[in-house]
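So the structure is just underneath, and the comments pick up after that.
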Amino acid sequence: KDEGREYDPTIHKKEQFYLYNAKDSLATHQILIKQIDEITEQGVDYVYRSLIELIPIYRGMEDRGLLVDPLMRDGLMAKYESLYEIEKLKLQSLVGKHINPQSSPQCYKLVFEDLEFKRTRGVEGTDEESLQQLMVHGTCSHNAGKEILQSIINCRKIHKVIETLELPLYPDGR
């Protein structure tokens, strides 16, 4: 099936590319047949048909965009900015100093140097997955270490919502 990945028209014959596409189409069709059998076997035909009917609706929404109510958006911004400030203050009170939860270097220093969490398998840094791994499997010198990690995660999630709300809209409000 991989014959077409390295296809170079200056070196290879067109037949190799056609063969690759034919095998790819055949593999896709075989997977579809197995999926349809599995849908029938699981008894979820109705759900599948309902989802298929929704595809054009979702496609249209994606093409047009969603109309945004500016007053609602402003209200949500105020709400999430307040939540972010509250969570940031909670983090600072737990840590005992100012920290920017969006700063990977600051969080790294806090987690691995100040709190003395040990790096374990699956922990690459201070991304959400690593922090969750540390919450479950990690130990630290601070009695509120896991609460601090959760607070960092919460701050980052709320900040992401704020970033999304701040995205510019098209002139028609979408």
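The values are calculated or read from the model by the stated rules, or taken from the named source; none is laboratory data. Fair warning: this is a prediction, and the values are worked out from it, not measured in the lab. Every residue, glycine as well, gets a Cβ built from its backbone with ideal geometry; the counts of neighbours run over all protein chains shown. Protein only, heavy atoms only, side chains kept; ligands, DNA and RNA dropped before computing areas. Shrake-Rupley method; radii C 1.70, N 1.55, O 1.52, S 1.80 Å.
If you go through the stretch 136-151 and keep only what is under 21 Å from Ser103 (Cα atoms) and hydroxyl-bearing (Ser, Thr, Tyr), you end up with just Ser151. Kindly indicate the residue of the stretch 57-103 that is within 16 Å of Glu163 (Cα to Cα) and modelled with pLDDT under 95 and also least open to solvent (accessible area, probe 1.4 Å) among those meeting that condition. Among those residues, the one meeting the criterion is Val68.
Screening Gln35 against (1) in a helix (DSSP H, G or I); (2) within 27 Å of Thr126 (Cβ to Cβ) leaves a single unmet condition, (2). What do you reckon, is Ile158 within 26 Å of Met77 (Cα to Cα), assigned to a helix (DSSP H, G or I) and open to solvent by less than 10 Å² (accessible area, probe 1.4 Å)? Considered against the rule, which asks whether it is within 26 Å of Met77 (Cα to Cα), assigned to a helix (DSSP H, G or I) and open to solvent by less than 10 Å² (accessible area, probe 1.4 Å), Ile158 comes out as no.
Within the stretch 75-98, residues that are aliphatic (A, V, I, L, M) sit with their Cβ atoms under 8 Å from residues that are open to solvent by 60 Å² or more (accessible area, probe 1.4 Å) and not in a helix (DSSP H, G or I), at 6+ positions apart or across chains, in these pairs: Met77/Glu166.
Can you name every residue in the stretch 109-168 that is in contact (Cβ under 8 Å) with a residue 60 or more places away in the chain and not hydrophobic (A, V, I, L, M, F, W, C)?
Of everything in the stretch 109-168, those that are in contact (Cβ under 8 Å) with a residue 60 or more places away in the chain and not hydrophobic (A, V, I, L, M, F, W, C) turn out to be Ser151, Asn154, His159, Glu166.
Restricting Thr164, Thr139, Thr126 to residues that are touching a helix residue (DSSP H, G or I) at 6+ places or on another chain (Cβ under 7 Å) and either outside any helix (DSSP H, G or I) or surrounded by fewer than 17 Cβ atoms within 10 Å (Cβ to Cβ) (or both) narrows the list to Thr126. Determine, yes or no, whether Ile162 is under 18 Å from the mean Cα position of the chain (by Cα) and modelled with pLDDT of 95 or more. The answer is yes for Ile162.
Polar (S, T, N, Q) and open to solvent by less than 100 Å² (accessible area, probe 1.4 Å) - does that describe any residue in the stretch 2-10?
First, pick out the residues of the stretch 2-10 that are polar (S, T, N, Q): 10.
Right, trim to open to solvent by less than 100 Å² (accessible area, probe 1.4 Å) and you get none.
No, every residue in the stretch 2-10 fails to be polar (S, T, N, Q) and open to solvent by less than 100 Å² (accessible area, probe 1.4 Å).
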